[in-house]
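> Can you keep this structure in mind? I'll have questions shortly.
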Amino acid sequence: MEPSKLCGGGLGYVDCVNGFVPVSGSSCEDACAGSCCAFSEACAGFTGRVHCDGSCVGFSACRNANIGEVRGTSCSANSACEVASVGGAVKEGSCTGLGSCAGVDISMNIEDGSCSDADSCASVVGVNIPPPAGCQVFDTATDLENAIKSCTGGDMLNVCPMTWNDTDKNPMISLEERRTASPIDCVVQCNSTLTDHCIFDGGAARQIMRIDALNIDSLEFDGFIFRNGHSGDGAAIFAKKGTSRSSYLTIKNSEFLCNDSTGIGAAMYINDSQGNLASGDLFYVSITDSVFRANRARGSEAGAILANPNFNSLTLGGNTFDSNIAKTRGGAMALKNVRDEGLQMVCSDMNFSLAAAPRRAPMVMMSIG
């Protein structure tokens, strides 16, 4: 099926909770625009991600189901996945027979065209699957923090999916301790599956992460979810560089969801107060292929990202900014006191939607200083 350009707002998929799309409040059927969840009650009560490729098509196809992800023209028959519970994904043309996966209850994937006959896998009960092989388990955010502090020489931390919601310290992860030797040089990568992710959850009460680039040569986070952070500035990530040395911070394939700041920069606050343009000793920040959704700055500016002051090197690419809110300006992003000489800023393939600020203030605000 050729997907409608309207399906999922152009994302190619629709995330549903009990049959509706969070934030917008529209039904999943309406959000699919005919490319998924088609026909009567197809996604009524459905929770999960459905792709705009002819998945969940049929009378009651995914009705009252809870499935991590449906894609590849799967669950495409009447009652195909009705009342199913699948912790993994239904993909690659699976569950395509009448009632084929109705009532199925498993945690693994259904794939490779499985369950294609009528009632072929209905009411099957499966077992839980272990974490992905080859990754490290960190039971608390503090355990992960200590591993990052010990990660040097460009090593990689391959992190098993986990939700960290530690309540014993604020911020949950602090990388501010001054180091005289062996600065952090590390790639922190989530070994996620289609349904299991690495999630930092601040519980709407704690800041998630503070970083002082004095301690860092290079730090990269790949595939993490930062949600429900709460603080003055930078509820998810507050990153500063207070010294004249080069540091690199990279965020990619990540999501910033529902972070709330009483100040500015609800998702990320980036500060380079000691950048030296002449020597090239700057705070180089790259944020790519990430989603910033429903973050709110209650103090003034930057519902998602604020870079301030004297910031000079920022790369943004392939990011989505959706439904971020600022009290005054920069519903999505604010770049303040950016240097007008030698500015290194690259933006490409950006998607902005539904950012809000009063008095018709811009989604993106930049001041030169």
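Yes or no, residue by residue, for (1) in contact (Cβ under 8 Å) with a residue 60 or more places away in the chain; (2) out of contact with any strand residue (DSSP E or B) (no Cβ under 6 Å at 6 or more places or on another chain); (3) of a type in the set (A, V, I, L, M):
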{"site": "Asn64", "(1), (2), (3)": "no, yes, no"}
{"site": "Thr73", "(1), (2), (3)": "yes, yes, no"}
{"site": "Ser94", "(1), (2), (3)": "no, no, no"}
{"site": "Asp105", "(1), (2), (3)": "no, no, no"}
{"site": "Gly113", "(1), (2), (3)": "no, yes, no"}
{"site": "Ala118", "(1), (2), (3)": "no, yes, yes"}
{"site": "Cys151", "(1), (2), (3)": "no, no, no"}
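> Out of all the residues in region 150-172, which are closer than 13 Å to Asp201 by Cβ, in a strand (DSSP E or B) and hydrophobic (A, V, I, L, M, F, W, C)?
Met162, Trp164
> Filter region 1-26 down to the residues that are open to solvent by 40 Å² or more (accessible area, probe 1.4 Å), farther than 18 Å from Asn64 by Cβ and outside any loop (DSSP other than H, G, I, E, B) and list them by number.
Of everything in region 1-26, those that are open to solvent by 40 Å² or more (accessible area, probe 1.4 Å), farther than 18 Å from Asn64 by Cβ and outside any loop (DSSP other than H, G, I, E, B) turn out to be Gly9, Gly10, Tyr13.
> Another question, if that's okay. Considering each residue of region 58-89, count those that are open to solvent by 30 Å² or more (accessible area, probe 1.4 Å), part of a loop (DSSP other than H, G, I, E, B) and at negative phi, and give that number.
6
> Next question, about the same structure. Can you give me the number of residues within region 90-115 that are under 30 Å from the mean Cα position of the chain (by Cα), closer than 21 Å to Cys7 by Cβ and in a loop (DSSP other than H, G, I, E, B)?
5
> Out of everything in region 223-245 that is of a type in the set (Ser, Thr, Tyr) and modelled with pLDDT under 85, what residue ends up being most open to solvent (accessible area, probe 1.4 Å)?
As a first pass, look at region 223-245 and keep what is of a type in the set (Ser, Thr, Tyr): 231, 243-244.
Applying the additional criterion that residues be modelled with pLDDT under 85 yields 243-244.
Numbers: Thr243: 33, Ser244: 68 Å².
The selected residue is Ser244.
> Going through region 27-43 one residue at a time, which ones are of a type in the set (Gly, Ala, Ser) and open to solvent by less than 10 Å² (accessible area, probe 1.4 Å)?
Residues satisfying the conditions are Ser35, Ala42.
> Could you say whether any residue in region 129-142 is open to solvent by less than 60 Å² (accessible area, probe 1.4 Å), modelled with pLDDT of 85 or more and touching a strand residue (DSSP E or B) at 6+ places or on another chain (Cβ under 6 Å)?
The answer is yes, given that some residue of region 129-142 is open to solvent by less than 60 Å² (accessible area, probe 1.4 Å), modelled with pLDDT of 85 or more and touching a strand residue (DSSP E or B) at 6+ places or on another chain (Cβ under 6 Å).
> Which count do you get for residues in region 213-258 that are of a type in the set (S, T, N, Q) and either part of a strand (DSSP E or B) or closer than 21 Å to Gly317 by Cα (or both)?
Adding up the residues that qualify gives 6.
> I would also like to ask the following. Residues that are among the charged types (D, E, K, R), loosely packed, with under 15 Cβ neighbours inside 10 Å, on the phi < 0 side of the Ramachandran plot and modelled with pLDDT under 90: does region 114-128 have at least one?
Yes, region 114-128 contains at least one residue that is among the charged types (D, E, K, R), loosely packed, with under 15 Cβ neighbours inside 10 Å, on the phi < 0 side of the Ramachandran plot and modelled with pLDDT under 90.
> Conditions: (1) part of a strand (DSSP E or B); (2) modelled with pLDDT under 70; (3) farther than 21 Å from Asp222 by Cα. Cys347 meets all but one. Number of the miss?
For Cys347, the exception is condition (3).
> Could you list, in sequence order, all residues of region 208-222 that are open to solvent by 10 Å² or more (accessible area, probe 1.4 Å) and not polar (S, T, N, Q)?
First, the residues of region 208-222 that are open to solvent by 10 Å² or more (accessible area, probe 1.4 Å): 210, 212, 214, 217-218, 220, 222.
Hits for region 208-222 are Arg210, Asp212, Leu214, Asp217, Glu220, Asp222.
> Say whether the condition of being touching a helix residue (DSSP H, G or I) at 6+ places or on another chain (Cβ under 7 Å) and over 17 Å from Gly12 (Cα atoms) is met by at least one residue in region 41-60.
yes
> Going by the conditions given, is Asp185 modelled with pLDDT under 90 and in a strand (DSSP E or B)?
no
The values are calculated or read from the model by the stated rules, or taken from the named source; none is laboratory data. Quantities reported herein were computed from a predicted structural model and do not represent experimental measurements. Counting neighbours? That spans all protein chains shown, and the Cβs are built from the backbone with ideal geometry, glycine included. Only protein heavy atoms, including side chains, enter the accessible area calculation; ligands, DNA and RNA are left aside. Shrake-Rupley method; radii C 1.70, N 1.55, O 1.52, S 1.80 Å.
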